[in-house]
Amino acid sequence: MNGLTARSDLWGAWAVGSTWGVIALAFAALAHWPNALTFVVVMAVLGGRQLALAILQHEGSHGTLFKSRWANDVLTDWLCARPIWQNLPKYKVHHLGHHTKTGTDQDPDISLHEDYPVTRQSLMRKMLRDITGLTGAKLVFGLVMMDMGVFKWTVANNVERLPQQGRTLAERITTTLRNMGPMLITNGLLWGILAATGHAWLYWAWALAFLTCLPLFIRIRSIAEHGCLDRSPDMFRNTRTTRAGWLARMTVAPVNVNFHMEHHLMASVPYHRLPQMHAWLRERTDVPEPPTYLEVLQLASAGRTGH
């Protein structure tokens, strides 16, 4: 079991490099074939790679993406978290609460999955809000308010307002620029690179994927990980591993995030060793074969009353 927790700089570099490599190829494909079909496909690919960057942030928060603390904390923050408007230091604090309180009402991420199951019509409405950008617009509003120090920082759906008494205009501006600056810098660099190739317009695909595909993929991923499961401290009952084919791995399940039960059982296992841990569990315990994402969505939409 000790070998399962061994970190690897090579695997960390591969995860980050290949994610950005796919992003580059997607942009190149859209530049070469600028039509509506390519645009839709590229947005889906970009949304999946944006989720991959979020998962790599998650890996860095556990200190398992690279061997060195600096690479996990700093490199991962700037190469993975900031380009998708995330903040690794704040995420690390938030995510620790999720791991210590999984399966309880105090889980800070419970709002992402507590309402399920819902009816099929309700789930379709939620997904329609995602893919049309309504959820994304709400997300951007929340991110701005968090960067301004008006809302408490979170990656969940619940909103907690922070006290605003005594805050000066100068302090509000400074706080906003300090929090939002790294996102603006990294996205400015991305736009600048695309502009240098003569295709600055490609950045619109990145922005639209962030507003549409990414929220949809996050919803499906969140449902699969903890939706429709017991409120229990038992990790075998409050967390789910899901079987992922190539399409799921490109969209809702990048970087082996579908092996979520294994991750909760031993969070010190790097992403590239989770399949090995899954095989070990299947051989030695009565862990059932994991469902597919389609089967999970069918379970999540089997409710009798709308939400």
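The values are calculated or read from the model by the stated rules, or taken from the named source; none is laboratory data. Predicted, not measured: the structure shown is a model, and the values here were computed from it. Here the Cβ is made from the backbone with ideal geometry for all residues, glycine too, and neighbour counts use every protein chain on show. Only protein heavy atoms, including side chains, enter the accessible area calculation; ligands, DNA and RNA are left aside. Shrake-Rupley method; radii C 1.70, N 1.55, O 1.52, S 1.80 Å.
Numerical summary
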quantity	calculated
Residue list for the range 281-307, restricted to those being open to solvent by 30 Å² or more (accessible area, probe 1.4 Å) and touching a residue at least 24 places away in the same chain (Cβ under 8 Å)	289, 291, 292, 297, 299, 302, 304, 305, 306, 307
Among residues of the range 246-255, those that are open to solvent by less than 40 Å² (accessible area, probe 1.4 Å) and hydrophobic (A, V, I, L, M, F, W, C), counted	4
For residue 103: the one exception among (1) small (Gly, Ala, Ser); (2) without any contact (Cβ under 8 Å) to a residue 24 or more places away in the chain; (3) not in a helix (DSSP H, G or I)	(2)
Residue pairs meeting the criteria (Cβ under 8 Å; at least 6 apart or on separate chains; first outside any helix (DSSP H, G or I), in the range 124-148; second at pLDDT 95 or above and β-branched (Val, Ile, Thr))	132/212; 133/212; 148/175; 148/176
Test set (1) open to solvent by less than 50 Å² (accessible area, probe 1.4 Å); (2) in contact with a His (Cβ under 8 Å, 6 or more places away or on another chain) - residue 66 fails condition number	(2)
Odd one out for residue 100 among (1) exposed (fewer than 15 other Cβ atoms within 10 Å of the Cβ); (2) touching a Phe, Trp or Tyr at 6+ places or on another chain (Cβ under 9 Å)	(2)
Members of the range 298-307 that are at pLDDT 90 or above and either over 15 Å from residue 229 (Cβ atoms) or out of contact with any helix residue (DSSP H, G or I) (no Cβ under 7 Å at 6 or more places or on another chain) (or both)	298, 299, 301, 302
Which numbered condition residue 208 misses (of (1) in contact with a Leu (Cβ under 9 Å, 6 or more places away or on another chain); (2) under 23 Å from residue 99 (Cβ atoms); (3) not small (Gly, Ala, Ser))	(2)
Entirely in the range 163-245, the helices (runs of 4 or more DSSP H) that have 3 or more residues that are surrounded by 14 or more Cβ atoms within 10 Å (Cβ to Cβ), of a type in the set (Phe, Trp, Tyr) and at pLDDT 95 or above	203-211
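Residues checked against (1) in contact with a strand residue (DSSP E or B) (Cβ under 6 Å, 6 or more places away or on another chain); (2) touching a residue at least 40 places away in the same chain (Cβ under 8 Å); (3) open to solvent by less than 10 Å² (accessible area, probe 1.4 Å); (4) basic (Lys, Arg):
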{"site": "61", "(1), (2), (3), (4)": "no, no, no, no"}
{"site": "78", "(1), (2), (3), (4)": "no, yes, no, no"}
{"site": "82", "(1), (2), (3), (4)": "no, yes, no, yes"}
{"site": "88", "(1), (2), (3), (4)": "no, no, yes, no"}
